[in-house]
Amino acid sequence: MTSFDVTPEAIRKTARGPIGSGAAAMAAASRIPPPQIETGRHFAELTTHLASAAQGISGYLGDVAGSLEAMSTKLNLVAANYEATEAENTAAAQQFFRES
């Protein structure tokens with residue numbers, strides 16, 4: 001059977017130990033900033049960075065959308081030019097065969 005030393009002196013020594021919960025531990029804890037304040041500051045910084053990244057991504061996607069729109073316009077012009085050229089070539093070929 002294990003015996004425990006429960007004398008007042010043994011309790012005081014334990015309270016001053018590394019895991020103690022006595023007055024020394026309370027005094028040490030009062031010098032540590034509350035974790036929620038530190039966590040809140042880090043959360044605010046993270047939120048700021050995320051907002052900045054979101055703005056950057058949004059701007060980039062806007063640029064991509066603008067580029068795609070410009071390419072679409074150019075492709076529509078090329079297609080219209082191709083159709084016009086094809087129609088002109090067909091008309092010229094028909095004219096050529098009629099004359100020959």
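For Arg31, the conditions (1) modelled with pLDDT under 90; (2) surrounded by 10 or more Cβ atoms within 10 Å (Cβ to Cβ) all hold with the exception of (2).
Residues checked against (1) at pLDDT 90 or above; (2) hydroxyl-bearing (Ser, Thr, Tyr):
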site	(1), (2)
Ser67	yes, yes
Ser72	yes, yes
Ala79	yes, no
Thr90	yes, yes
Gln94	yes, no
Ser100	no, yes
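Residues that are at pLDDT below 90, surrounded by 10 or more Cβ atoms within 10 Å (Cβ to Cβ) and not in a helix (DSSP H, G or I): does the range 35-51 have at least one? No, every residue in the range 35-51 fails to be at pLDDT below 90, surrounded by 10 or more Cβ atoms within 10 Å (Cβ to Cβ) and not in a helix (DSSP H, G or I).
The values are calculated or read from the model by the stated rules, or taken from the named source; none is laboratory data. Predicted model, so just to flag it, every value in this text is computed and none were measured. Quick reminder, even Gly has a Cβ in these numbers, built from the backbone with ideal geometry, and neighbours come from all protein chains shown.
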